[in-house]
1. Each residue of the stretch 80-90 in turn: what ³J(HN,Hα) in whole Hz from Karplus with 6.51, -1.76, 1.60 and θ = phi - 60°, glycine and Pro shown as x?
2. Only bridges with both residues in the chain count here: give the DSSP antiparallel percent, nearest 5.
3. Please find the FRET efficiency linking Asp149 to Ile198, where r is the Cβ-Cβ separation and R0 is fixed at 25 Å, and quote it to the nearest 0.05.
4. Quick one: Karplus J couplings for the stretch 150-161, per residue in order, coefficients 6.51, -1.76, 1.60, θ = phi - 60°, nearest Hz, x for Gly and Pro?
5. Whole-Hz Karplus ³J(HN,Hα) for the stretch 169-181, in order, using 6.51 cos²θ - 1.76 cosθ + 1.60 and θ = phi - 60°, x for Gly and Pro?
6. In vacuum, with every alpha carbon of the chain counted as one equal point scatterer, what does the Debye formula give for log10 I(q)/I(0) at q = 0.15, 0.16, 0.19 Å⁻¹? Two decimals, please.
7. Using the Cα centre of the stretch 7-52 as the reference point, and only Cβ charges (+1 on K/R, -1 on D/E), how large is the resulting charge dipole? Debye, rounded to the nearest 20.
8. Could you tell me the calculated FRET efficiency between Glu26 and Leu103, based on Cβ-Cβ distance and R0 = 25 angstrom, to the nearest 0.05?
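The values are calculated or read from the model by the stated rules, or taken from the named source; none is laboratory data. All of these numbers come straight from a predicted model, not from anything done at the bench. Here the Cβ positions follow ideal geometry from the backbone for every residue, glycine too, while neighbour counts run over all protein chains shown. Ligands, DNA and RNA are excluded from the accessible area calculation, which covers all protein heavy atoms including side chains. Shrake-Rupley method; radii C 1.70, N 1.55, O 1.52, S 1.80 Å.
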Amino acid sequence: MKSCEKLDESKIKKCSQEIIEFSVWEPLKSNLIAALKKSHNNVLNIKFDSSLDRAAITKVEFMNGHYIPVIILGKSGDTNELLITLNHELVHYLSTFERISLLSGSKKIEKCLTEYQLATLKDEAPAFKAELIFWNNAPEKFKTHFKNDFFYSKLFKKKLNYDEFYRLLVMSISADKNFILKKYIDMGEYSQCAKNII
């Protein structure tokens, strides 16, 4: 997928078309199709910010009189890594359309999180499950590409390659269905009191 290499604003549409036409595994393809259908004029709202301290984040921004989800891509690695990241963020992007109605609520559940914050936290589990499906259905050539590629996992607080990361993720989720949510709370993304309401 040549147009997804060194992806920038000028290549987003072409990259999306190539993924839809040539991608051989799910859920990336179906997530992308669904996201394009939800987006205005079938154009994904993606921005780039090289100063971002993570691979990507999905946020809500106010544009043209409406709140809309926007995927912000940070320091991207190669095209293969970008596909994993994009698939994860597409799950957030899609669910954000449903959560936007909760943005105006400021009342906190048990004096901890607003409904919007809680829904956003709970959205991490489906995004990581979509990553697992993506990884399990990816071609062996894709997985081999990452065999010697190690990264620091904030979830597990150590360096892992992708195969180890997903193996540990499966074991951890099997042992505790709220594993991902608890880790995001422990990482300081949400208040500790959120553990009482997840």
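1. These are the phi-based 3J(HN,Hα) values: 4, 5, 4, 5, 5, 4, 4, 4, 4, 5, 5 Hz.
2. Percentage antiparallel, nearest 5: 80.
3. 0.20
4. Here the 3J(HN,Hα) series is 9, 9, 7, 8, 5, 5, 9, 6, 6, 7, 9, 8 Hz.
5. Values, residue by residue: 4, 4, 4, 5, 5, 5, 6, 8, 4, 9, 3, 5, 4 Hz.
6. So the normalised log intensities work out to -1.00, -1.14, -1.55.
7. 180 debye
8. Approximately 0.25, to the nearest 0.05.
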